[in-house]
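Engineer: Questions regarding the structure given below will be posed in turn.
The values are calculated or read from the model by the stated rules, or taken from the named source; none is laboratory data. It should be emphasised that the depicted structure is a prediction, and the values quoted were computed from it without experimental measurement. Neighbour counts run over all protein chains shown; Cβ positions are idealised from the backbone, glycine included.
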């Protein structure tokens, strides 16, 4: 198969300004910083510039190489900040690389967001044409697919209503429908499947699968391993801006799951121990895999642990320490206290360091990413310790079929397989 | 379908840029169409705004400069018509540059999510302003009918001066739009320039008021040539045109346009990063 995309030593650098709150530069700041650094030099001519230290280089991508053959469906996976979206932005020419070279054969379309350029005042019909033009379709092309788009989005009745009166579901369906009818030779998609209800997601997934059967090339960024599994035949794993694996989906997923990664928020060490005024503080915390090793990712069929080391600085008459597991939509999925299953309930605690571990069973949490909140308090009296965003981890589905219907996510918060009793009576 | 190969490299000036611009001409059309459709939505008097603004400006200038200050008109043209002939290009220019200037930032979501030649966005805003220009032209026609003032054959040159006005708006607009992406100060600079420009350009008065020896210097404001050109074309008859100001304006506009497009294209690729 001929090569559709060849990426050669691609890098992208961003300059991060720590000092500023604004997303943009203002002439005022440029002038003010200039004056500040000048004044600084006058006062302390030999000190290192303070201003310069507020600008930091960040390599979103560094030396990325890979190639994609025509007709391949490639999933791009990696943790948050690994460079997936940056890569897609460069490939779709939204931003330019700092160095490196890319060759793409064929007409490219990219879909980084559904409904880009939709105008709330315009009707559904008008927005279809507008969005089509933005995505690179000609008027003729949009016209010929118009009925198909409308049917796919199921908005026939509201075609002449301004989209600001649409429900969010209708809006998203219409937006995706336009995008789904693009017919480029190379299609790049960024996590847009996570829209709409489950049945619409399945419809979208079916549409994406069609893309590949027509010999077109697909580049697909997702956090949803189930979808990557269902849709792609190859995968690229990015880690801190570099390609770690570019191979089959299985090998990339396996590597993605690998333990002892040093990145991520699954470990916490307190650097400012012993605040004199605090009655208690967390010293260390960690998410541990089934063998007790620190791990940012947990398979759905494994038990795992959360370990917490904390220090109590005063004697308290009674206390409970708890965790809350919170999903990506800020729903508290589970909370648990150390007094639940131990004999500490209602008993005093002496100052000292507590090492606590809580075991969380397999097949409990749905696949997804979670954060852990920790707190300690005397119920009804006082909360003496509280850390909102202490740890992060994610639960990953390994082909258990528990979390997905087809490729779309099942609804619900609990992934426990339940016993079904089935009796069947044959039709006469 | 033809297979075209696309090469993306750091700092590379796009070889297919102008070709791409042509390919995306439909987007230009759709964006302009969108802006025209929504321009006066949810306003009480709608399109009447396009009528009200130039008419009120004309009335104020006619009263202040024509009646109170008793400045002379050009040739035998009524003062109101002389003012309106200048309000026409000035209103177009000033609205176009302020809208083009903020056009990129108000379409930020598109810029950070889709590729297309970014030049399309300021261009489409300027085209949209042509609609208001056409409406204003109709008012001028009505005004001339009211005064019974017939234009001469010179009216045929007006499209050329409109082209000059369009290029001027485009040149300034492209500069401001690109600068505004990085330095939001232009949000404050542009309204000031527009307000200031109304008084330093010969909108409310004729260029004849300016002493002869200062006219060339005065014409360094590129809108002077444009406005005087409009007057010369529309008023016909006794209106004089100081040609050096037109050539100076033409040269300045072209220089501004060429550098503007160069700057725009140089910074265009980082728009998505800084917007």
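Engineer: Looking only at residues in the stretch A:281-310 that are at pLDDT 90 or above and more than 27 Å from the chain's Cα centre (by Cα), which one is surrounded by the fewest Cβ atoms within 10 Å (Cβ to Cβ)?
Structural biologist: My answer is A:309.
Engineer: When the residues of the stretch A:348-369 are filtered to those that are at negative phi, in a loop (DSSP other than H, G, I, E, B) and surrounded by 12 or more Cβ atoms within 10 Å (Cβ to Cβ), which remaining residue is nearest to the chain's Cα centre (by Cα)?
Structural biologist: A:367
Engineer: Residues of the stretch B:199-224 being assigned to a helix (DSSP H, G or I) and in contact with a helix residue (DSSP H, G or I) (Cβ under 7 Å, 6 or more places away or on another chain), which ones?
Structural biologist: Those that are assigned to a helix (DSSP H, G or I) and in contact with a helix residue (DSSP H, G or I) (Cβ under 7 Å, 6 or more places away or on another chain): B:207, B:215, B:216, B:218, B:222, B:223, B:224.
Engineer: Does the stretch A:180-188 contain any residue that is surrounded by fewer than 22 Cβ atoms within 10 Å (Cβ to Cβ), assigned to a helix (DSSP H, G or I) and at pLDDT 80 or above?
Structural biologist: no
Engineer: State all residues of the stretch B:239-275 that are in contact with a strand residue (DSSP E or B) (Cβ under 9 Å, 6 or more places away or on another chain) and not in a helix (DSSP H, G or I); if no residue qualifies, say none.
Structural biologist: Of everything in the stretch B:239-275, nothing turns out to be in contact with a strand residue (DSSP E or B) (Cβ under 9 Å, 6 or more places away or on another chain) and not in a helix (DSSP H, G or I).
Engineer: Can residue B:221 be described as under 21 Å from the mean Cα position of the chain (by Cα), within 14 Å of another protein chain (Cβ to nearest Cβ) and either touching a residue at least 24 places away in the same chain (Cβ under 8 Å) or surrounded by fewer than 17 Cβ atoms within 10 Å (Cβ to Cβ) (or both)?
Structural biologist: Answer is no for this residue.
Engineer: Right, here's the next one. Tell me, yes or no, whether the stretch B:61-74 has at least one residue that is more than 29 Å from residue B:261 (Cα to Cα) and under 22 Å from the mean Cα position of the chain (by Cα).
Structural biologist: Looking for residues that are more than 29 Å from residue B:261 (Cα to Cα) and under 22 Å from the mean Cα position of the chain (by Cα), one finds at least one in the stretch B:61-74, hence yes.
Engineer: Quick one: is residue B:163 more than 14 Å from chain A (Cβ to nearest Cβ), more than 17 Å from residue B:59 (Cβ to Cβ) and free of Cβ contacts under 8 Å to residues at least 12 places away in the same chain?
Structural biologist: Here the answer is yes, as residue B:163 does meet what is asked.
Engineer: From the residues in the stretch A:71-101 that are in a strand (DSSP E or B) and crowded, with 19+ Cβ neighbours inside 10 Å, which one is nearest to the other protein chains (Cβ to nearest Cβ)?
Structural biologist: Checking each candidate, the answer is A:100.
Engineer: Count, please, the residues in the stretch A:212-226 that happen to be at pLDDT 75 or above and either touching a strand residue (DSSP E or B) at 6+ places or on another chain (Cβ under 8 Å) or in a helix (DSSP H, G or I) (or both).
Structural biologist: 8
Engineer: Just to confirm my filter: which helices (runs of 4 or more DSSP H) fall fully inside the stretch B:10-104 and include at least 1 residues that are surrounded by 22 or more Cβ atoms within 10 Å (Cβ to Cβ) and within 14 Å of chain A (Cβ to nearest Cβ)?
Structural biologist: B:25-39
Engineer: Out of B:102, B:109, which single residue is modelled with pLDDT under 95 and within 18 Å of the chain's Cα centre (by Cα)?
Structural biologist: None of the others qualify; the one that does is B:102.
Engineer: Would you mind finding the one in B:155, B:176 that is within 14 Å of the chain's Cα centre (by Cα) and touching a residue at least 60 places away in the same chain (Cβ under 8 Å)?
Structural biologist: B:176
Engineer: Also: In the stretch A:135-171, which residues are surrounded by 21 or more Cβ atoms within 10 Å (Cβ to Cβ) and not in a loop (DSSP other than H, G, I, E, B)?
Structural biologist: Correct list: A:142, A:149, A:153, A:163, A:171.
Engineer: Tell me which residues, restricted to the stretch A:111-134, are within 24 Å of the chain's Cα centre (by Cα) and within 7 Å of chain B (Cβ to nearest Cβ).
Structural biologist: Those that are within 24 Å of the chain's Cα centre (by Cα) and within 7 Å of chain B (Cβ to nearest Cβ): A:112, A:113, A:116, A:117.
Engineer: Cβ-Cβ under 9 Å, sequence separation 6+ or interchain: first residue in the stretch A:9-38 and at the interface with chain B (Cβ under 8 Å from one of its Cβ atoms), partner at pLDDT 65 or above and exposed (fewer than 11 other Cβ atoms within 10 Å of the Cβ). Which pairs?
Structural biologist: If the second residue must be at pLDDT 65 or above and exposed (fewer than 11 other Cβ atoms within 10 Å of the Cβ), the pairs left are A:14/A:57.
Engineer: If you don't mind, another one. Filter the stretch B:64-73 down to the residues that are more than 16 Å from residue B:199 (Cβ to Cβ) and out of contact with any helix residue (DSSP H, G or I) (no Cβ under 7 Å at 6 or more places or on another chain) and list them by number.
Structural biologist: Result: B:67, B:70.
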